[in-house]
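In what follows, a structure is listed as structure tokens, so that the remarks can point back to it.
No value in this document is a laboratory result; all are computed from the given coordinates. Keep in mind the model is a prediction, meaning the values are calculated, not measured. Glycine gets a Cβ as well: all are built from the backbone with ideal geometry, and neighbour counts include every protein chain shown.
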Amino acid sequence: MATDTVTLKIKRGESGGASRWEEFRVPRKPMMNVISCLMEIQKHPVTADGRGTTPVNWESSCLEEVCGACTMVINGRVRQACSALVKDLSPKGEPITLEPMTKFPRERDLVVNRQRMFDALRTTKAWIQIDGSHQLGAGPKVSQDDQEVMYPLSRCMTCGCCVEACPNYNDRSDFMGPQVISLTRLYNMHPSGRMQAGARLDALMGAGGISDCGKAQNCVQVCPKGIPLTESISVMGRETIKRALFGWLLKG
Amino acid sequence: MAAKSSILTQSNQVRRAIVVGGGLGGLMTVIKLCEAGIPVDLLSLVPVKRSHSVCAQGGINASVNVKGEGDSPYTHFYETVKGGDFLANQPPCKGMADAAPGIVFMLDRMGVPFNRTPEGNLDFRRFGGTLFHRTAFAGATTGQQLLYALDEQVRRYETLDVEDDRGVTVPGEKMVRKFEFWDLAGLVLDDSGVCRGVVAQDLKNGEMRAFRGDAVCLATGGPGLVFGRSTNSVINTGSAAAIAYKQGAIYANGEFIQVHPTAIPAADKLRLISESVRGEGGRVWVPKDRKDRRHGRDIPEAERYYFLEERYPKYRNLVPRDIASREIFRTVIHEGYSAEGEQAAYLDVTHLCKTAAGKSAVRKKLEGVLEIYEKFAGADPYENPMKIFPAVHYSMGGLWVDFEKGADGSLKPGSARNQATSIPGLYATGESDYQYHGANRLGANSLLSCIYGGMVTGPAMAAWRDAQPQSAFDLSSTLFDTEHKRRVDEYAALGSRSGSDYSVNPYQLHEKLGEMMLQKVTVERHDAELDGVLSSLQDMKAQWRKAAALDPAAKGTINQPTVFLRHLDGMLALAEVIARGARDREECRGAHYKPALDPELHPDDPKAVGRDDARWLKTTLATFDGEGPALRYEAVDVSLEPLAKRDYGKVSAAKPPPGEAAAQGPANT
Ligand SMILES: Cc1cc2nc3c(=O)[nH]c(=O)nc-3n(C[C@H](O)[C@H](O)[C@H](O)COP(=O)(O)OP(=O)(O)OC[C@H]3O[C@@H](n4cnc5c(N)ncnc54)[C@H](O)[C@@H]3O)c2cc1C
Ligand code: SF4
Ligand code: SF4
Ligand code: FES
């Protein structure tokens, strides 16, 4: 008995301020997702009980779950708003709740500051060091098997679902999160990326690195891209142990 | 200048260049500037890693000839200009096609996980408008993978120190400073009209700031949101290009808007189903019986009308996009065919998935693309033909940019003229320029043009900077303060729009704009309708002046509705450029199609000229006259290849599908 409207309960608020809940009702349309509901509110910023309010602020860009911008907590679960379909969230007209992620400082309404995730990419040297963008011929050959391991790792869109779910990621710890551990695995697999593997491992062995992971495995369950995070954590765990034990020999 | 440092001012400020936009075009420009030793301020609406370029699925073209088919960069060049219906200047296209293999190799060295052949080489697939395997791809998210590779290189430059002319590190200064969540608000132009910097706004707190730059580049992407719903990311409003246009930059070929043949219709966005689906063997069809309401999967082979294959036996489902879109539009809208009674056609891969091996091969190559259908349309595309319809996708038009031709007839690298807009010191690259695609872009040529554009823009900006007698950093601050104040006041005025004088909701106005543009200025264009659009746009501009700030109390914090007013203003300005260009161009060329001028439909009408090279082999140049666009035209450089008919081997247009009951006749349009 799906109704002809969608009810949304949205947790709103300012940076550092108190939160308030606002309820909205928007017309239900086919193939609707959470973003299209928020767009309806922009066009009619009126709460369910008829009070005029302001449009909700949120982040989005691609609307096809590939940019990572629109992450929020929807019905208690962290995920992308653009791929959260109303027909699945509210088959019978149940209210849908939207909250900002909790592991990052709120900036306004559903917008949080995820700069910490981008900073971690700098710390772990998440790039392949090339000699320059000028012509140096073809790249290294890569087997189909390796490509099949690397491509899924490379789809991480820095969306934050994994760290939102991780019990060890919070404002009291420096933990950089499973996504950078997984990306380090990617760069260390690449035929030329491998040449700087040691420096990346050192970063993972430093503050906020792999030893902060308690292996709770929450992360892998919420990654929208199905990235094998726990597998990467155990691969890199072995690599860092090897480096801790024999690294001084290799450094020579 | 010799006595002064080219890197530091006397007060030890670093002289930087500015790049606005961190998609593929902007990031490649940044890399080239850094390699030239020039520090950069990089501004972007969103973290650059979330730029619209992530959406590209299918791939990037380069004639590497891995399959030994005899492909060559020259063929790529020719097919690019032919695909663009000869409206693109040929020297830059030649430069791009020649550089393409090197670009793909560079991306591979940066770690893009491209798909591979058994030997470990790059794999290539087929795309529209060619018979060769020319498109390199990384799963179904090539754009994302390319963007990440460039993003990573730029992140590295965020950690590298600036060095002064003697090679000494400047403490605390990094080669790249990123300003993410910043919106362009204005250009700073000096008395002689030279661009000396920008004013931009921090979207997190509303603060406006003037940035000095010894060369400025806009790499701000396309204007898809002018059409409301499109395949574009929702940040693609074209606002930055509109600001440049309103400050005097020429906007070229605005009327050429690519409509992609295959997207999933929905309320918030028309999600693309990549051309790679057809490249890998996907077929487009409709039920022969116009009244057929069965599910696609239940319709037997003999009752399907594969209209692209029938009409184009050589290119079949891989004709260029403008042609495919028009054929689907015509078949569904005018001839009355449908998919389950909806205004849609089928795009089908189920025939490839009949065996487990077939299905797994399709999954391997197209999983990411088909996942989009599964996720957003909620049906399994391995079992069900997908329902699709054309959608606005790409703007061939954009800011006008120059090029310098070398002795070999190709673009001359290193010249300060390349990618220079009509405002001296201001450059443009990526989808926000107009240069490489003429009247229609070939699939997988855009990622290439963005990166090639960036490779050319960086050195061009460096050459410009070196040739300037005075650096922006040595000018009096008055110039910057004035533009800063103008934009601060402008924003304050927008932000205080409340009360009964401001009764219009800007998001509703945007919806109206989008619906009108989508209906009347896309696949088929009629003069009378375009006249209506142009007059409605005047009304909409008046309504914009009544549009309210929906959150006037929010100051010093995020305020998306007020910022949207600025973007809507830009969209209205570009809508007028697009519609005016379409109205005035009296021919059919590439994506610009007027049924009244199609000789196939009107064989006896001398006015139905089709493509009219004698009168219209010209670039449209729009300048802002204070109210709206004034149009002029400029000759196209076709110095390398003579014009040819743009023929993809169509057989008689009127041919009915075999086996169709003769009595049915064309449906009412
Ligand atoms: C769904 C889809 C699939 C596609 N698939 C392919 C494909 O397979 N192959 C292909 O070749 N092409 C493809 N294209 C086209 C291609 O993706 C785009 O043309 C290309 O990515 C544009 O890149 P860009 O660098 O010009 O701009 P974008 O990637 O759009 O980046 C623009 C940048 O500018 C910034 N910006 C914008 N406005 C402002 C402002 N006002 N102030 C500050 N910053 C601003 C943004 O934040 C962003 O960083 C596809 C397009 C779509 C929509
Ligand atoms: S395994 Fe657990 S502790 Fe480790 S990153 Fe994942 S969720 Fe966090
Ligand atoms: S690993 Fe997955 S959940 Fe974590 S940031 Fe990347 S894409 Fe998001
Ligand atoms: S908007 Fe890009 S992931 Fe949702």
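A few points about this structure:
- Within chain B, helix-based [θ] at 222 nm, where runs of 4 or more DSSP H residues each add -39,500 (n - 2.57), nearest 500: -10000 deg cm²/dmol
- Separation of alpha-carbon centers, region B:411-475 and region A:130-152, rounded to whole Å: 28
- Region B:483-616: relative contact order in percent, alpha carbon pairs under 8 Å with at least 6 residues between: 27
- Neighbouring partner chain Cβ atoms per residue of A:122-131, average, 10 Å criterion: 5
- Between helix B:506-520 and chain B there is an angle of about 50 degrees, using the helix long axis and the longest principal axis of the Cα atoms.
- Within 10 Å of each Cβ in A:141-149, the average number of Cβ atoms from other chains: 5
- Region B:483-616: radius of gyration over Cα atoms, expressed as a fraction of 2.2 N^0.38 Å: 1.38
- Amide H partners (placed H, <5 Å) of B:ALA339, local residues excluded: B:ALA344
- Averaged over peptide A:36-46, the number of partner chain Cβ atoms lying within 10 Å of each residue's Cβ comes to 4.
- Debye equation applied to the C-alpha atoms of chain A, log10 I(q)/I(0) at 0.08, 0.09, 0.15 Å⁻¹: -0.40, -0.49, -1.04
- For region A:86-189, the relative contact order works out to 30 percent when only alpha carbon pairs closer than 8 Å and six or more residues apart are counted.
- Förster radius 25 Å - calculated FRET efficiency between B:GLN508 and A:ASP88, Cβ distance, rounded to 0.05: 0.35
- Length gained when the stretch B:GLU310-B:ALA644 is fully extended (0.36 nm per residue, less Cα-Cα span): 117.9 nm
- Computed from backbone phi with θ = phi - 60° and the Karplus coefficients 6.51, -1.76 and 1.60, the 3J(HN,Hα) list for region B:432-443 is 6, 9, 10, 6, 9, 10, x, 8, 6, 9, 6, x Hz; x is used for glycine and proline.
- GluC sites (Glu not before Pro) within region B:138-233, DSSP loop, no more than 15 other Cβ atoms inside 10 Å: B:GLU207
- Our summary gives region B:1-66 a relative contact order of 29 percent, counting only alpha carbon pairs under 8 angstrom and 6 or more residues apart.
- The amide H of B:TYR312, built 1.01 Å from its N in the peptide plane, has B:VAL651 as neighbours under 5 Å, considering only residues 5 or more places off or on other chains.
- Compared with the dominant principal axis of the Cα atoms in chain B, helix B:477-495 is inclined by about 50°.
- Packing, taken as the mean count of other beta carbons within 10 Å per residue, orders the peptides B:458-469, B:15-26 from highest to lowest as B:15-26, B:458-469.
- Phi to ³J(HN,Hα) by Karplus 6.51 cos²θ - 1.76 cosθ + 1.60 over region A:236-244, Hz, x for Gly, Pro: 6, x, 4, 4, 6, 5, 4, 5, 5
- Counted over all Cα-Cα pairs of region B:384-445, pairs farther apart than 14 Å make up 65 percent.
- Placing R0 at 22 angstrom, the Cβ-Cβ distance between B:SER360 and B:THR117 gives a FRET efficiency of 0.80 after rounding to 0.05.
- Here the protein assembly as shown is treated as a Stokes sphere of Kirkwood radius computed over C-alpha pairs; at 10 °C and 1.306 mPa s its diffusion coefficient rounds to 56 µm²/s.
- Among B:CYS55, B:CYS217, the ranking by other beta carbons within 10 Å of each residue's beta carbon, starting with the fewest, stands as B:CYS55, B:CYS217.
- Once the Cβ-Cβ distance of A:ASN113 and B:THR478 is raised to the sixth power relative to R0 = 35 Å, the FRET efficiency obtained is 0.50.
- log₁₀ of I(q)/I(0) at q = 0.19 Å⁻¹ - region A:5-112, Debye sum with one point per alpha carbon: -0.94
- Neighbour-limited loop hits for trypsin sites (Lys or Arg not before Pro), region B:143-188 (at most 13 other Cβ within 10 Å; DSSP other than H, G, I, E, B): B:ARG166
- For chain B, the longest principal axis of the alpha carbon atoms and the long axis of helix B:24-35 meet at an angle near 40°.
- Taken one residue at a time, the phi angles of region B:116-124 give Karplus couplings (6.51, -1.76, 1.60, θ = phi - 60°) of 10, 8, x, 7, x, 7, 5, 8, 10 Hz. Gly and Pro are set to x.
- 21 Å Cα-Cα threshold exceeded, pairs from A:LYS43/B:LYS49; A:LYS141/B:LYS67; B:LYS269/B:LYS555: A:LYS43/B:LYS49; B:LYS269/B:LYS555
- For A:GLU107, the residues whose amide H sits under 5 Å from its own are A:VAL112, A:ASN113, ignoring neighbours fewer than 5 places away on the same chain, with H placed 1.01 Å from N.
- Gain upon complete extension [B:HIS351, B:ASP466; 0.36 nm per residue less C-alpha separation]: 35.5 nm
- Cα-centre dipole for region A:107-157 with unit charges at Cβ (Lys and Arg positive, Asp and Glu negative), debye to 20: 200
- Its Cα centre serving as origin, chain B has a Cβ charge dipole (Lys and Arg +1, Asp and Glu -1) of approximately 800 debye.
- Sparsely packed loop sites in region B:237-280 (the trypsin sites (Lys or Arg not before Pro) outside DSSP H, G, I, E and B with at most 16 other Cβ atoms within 10 Å) do not occur.
- P(r) weight above 25 Å for region B:261-391, C-alpha pairs, percent: 17
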